[in-house]
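*Asks:* Below is the structure I would like to discuss, written out as structure tokens.
Bear in mind these aren't lab numbers, they're just calculated from the coordinates by the rules spelled out. Worth saying up front: this structure is predicted, and the values here are computed from it rather than measured. We place every Cβ from the backbone using ideal geometry, glycine too, and count neighbours over all the protein chains shown.
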């Protein structure tokens, strides 16, 4: 059901509030770049710092702006099952095409707990669901055998696998056959992920550079492995720099350097550090993306990013 290139959408802020004008710019930029869908209110969207009202606002507004031109997979995960059910029901009512559900974080459920969590959400909505496994951030790993148990449920249709481990992706595919679609959660290993049976990516990089990731996907689907590898190689530096600090700090800094939104985060996230900013700007300038910034200091310091 879900295949192709999806953007893990950043949530822009201005003076502490969600910046809806910037949100629209980011959405339109991605659609113009050829993406297949958007994922608001995921990790990259700083969902953990959004109030319920803001969470609903971003999902609703994204659905309205998109207007069925691409898919919308709303981030509705939580470490409380009842909260995940509530948010997923809202996403369905708002018109989202699916929901992305992070593994419950901090409380470290067992594999049985993870199974029961996802089962409960699936039983309370008709919305297609995407499992999301990123143990480096949540402290819990959704094991392939548990994924296989969940894959028999008709509305659990995909998994965003963000371990970056190809053997993990291969095992999930072997256990689940074609019952679910494998989506990479790691920009830098998207091409290897495709080689072991992946069918798409939920990407941070496409917030600022959708076209090249789309080119990689199209080349692979066209059977042109050489062109796909060239696209992969062209993305190596920017993919690396966008994870030089905790996501979404670098990508939001990059979007600001491109004039698409402000650099504002919600604490405990902070602006991109001085040591990484010059390299990121240089990479964007090489790609022809960064706006001129005559206010930069000789050391690359930027008054828009207070230290």
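*Asks:* If I model a spin label as a point 7 Å beyond the Cα along the Cα-Cβ vector, how far apart are those points for residue 112 and residue 69 in nm?
*Replies:* If labels sit at residue 112 and residue 69, their model points lie 4.9 nm apart.
*Asks:* Evaluate E = 1/(1 + (r/R0)^6) for residue 267 and residue 233, where r is the Cβ-Cβ distance and R0 equals 41 Å; express this FRET efficiency to the nearest 0.05.
*Replies:* 0.65
*Asks:* In addition: Kindly give the semi-axes, whole Å and largest first, of the ellipsoid equivalent to segment 1-140, taking each as the square root of 5 times a Cα gyration tensor eigenvalue.
*Replies:* Equivalent ellipsoid of segment 1-140: 24, 16, 14 Å, largest first.
*Asks:* Using a Gaussian network model of the chain with C-alpha springs under 10 Å, which one of 247, 67, 239 is most mobile by mean-square fluctuation?
*Replies:* In the Gaussian network model the winner is 67.
*Asks:* To continue, here is another question. If all Cα-Cα distances of segment 167-266 are sorted into 10 Å bins from 0 onward, what percent lands in each bin, rounded to whole numbers?
*Replies:* 15, 41, 30, 12, 1
*Asks:* Given bins 10 angstrom wide, list per bin the percent of all Cα-Cα distances in the chain, short to long.
*Replies:* For the chain, the pair-distance distribution reads 6, 29, 36, 22, 6, 1.
*Asks:* Ranking 270, 136, 181, 11 by Cβ neighbours within 10 Å, fewest first, what do you get?
*Replies:* Ranking 270, 136, 181, 11 by Cβ neighbours within 10 Å, fewest first, gives 136, 270, 181, 11.
*Asks:* How high is the relative contact order of segment 154-307, in percent, counting Cα pairs under 8 Å that sit 6 or more residues apart?
*Replies:* Once normalised by length, the contact order is 15 percent.
*Asks:* Let me ask you something else. Nearest-5 percent of antiparallel DSSP beta bridges in the chain?
*Replies:* Once the DSSP bridges in the chain are tallied, antiparallel ones form about 5 percent.
*Asks:* Another question about this same structure. Counting each DSSP H run of 4 or more residues in the chain as -39500 (n - 2.57), what helix-only mean residue ellipticity at 222 nm follows after dividing by all residues, to the nearest 500 deg cm²/dmol?
*Replies:* Value at 222 nm, helices only: -12500 deg cm²/dmol.
*Asks:* Take every Cα pair under 8 Å in the chain that's 6+ residues apart, average their separations, divide by the length, and report that relative contact order as a whole percent.
*Replies:* After rounding, I find 18 percent.
*Asks:* Next up: If I histogram all Cα-Cα distances within segment 113-210 using bins 10 Å wide from 0, what percent of pairs lands in each bin?
*Replies:* Once binned at 10 Å, the Cα pair distances of segment 113-210 give 16, 49, 30, 5.
*Asks:* Between the helical axis of 52-66 and the dominant principal axis of the chain, each derived from Cα atoms, what acute angle in degrees is found, rounded to the nearest 10?
*Replies:* 80
*Asks:* Follow-up. In what sequence, highest mean first, do 143-151, 182-190 appear when ranked by Cβ atoms within 10 angstrom?
*Replies:* 182-190, 143-151
*Asks:* At a 10 Å Cβ-Cβ cut-off, how would you order 105, 132, fewest neighbours first?
*Replies:* Fewest-to-most Cβ neighbours within 10 Å comes out as 105, 132.
*Asks:* Length gain on complete extension for the stretch residue 175 to residue 279, per 0.36 nm per residue less the alpha carbon to alpha carbon distance?
*Replies:* Difference between extended and current length: 33.2 nm.
*Asks:* Return the tail of the calculated pair distribution for segment 35-112, meaning the percent of Cα-Cα pairs more than 22 Å apart.
*Replies:* 20
*Asks:* Hey, another quick one. Quick one: compute the contact order of segment 209-248, relative version, from alpha carbon pairs under 8 angstrom and 6+ residues apart, as a percent.
*Replies:* It comes to 33 percent, rounded to a whole number.
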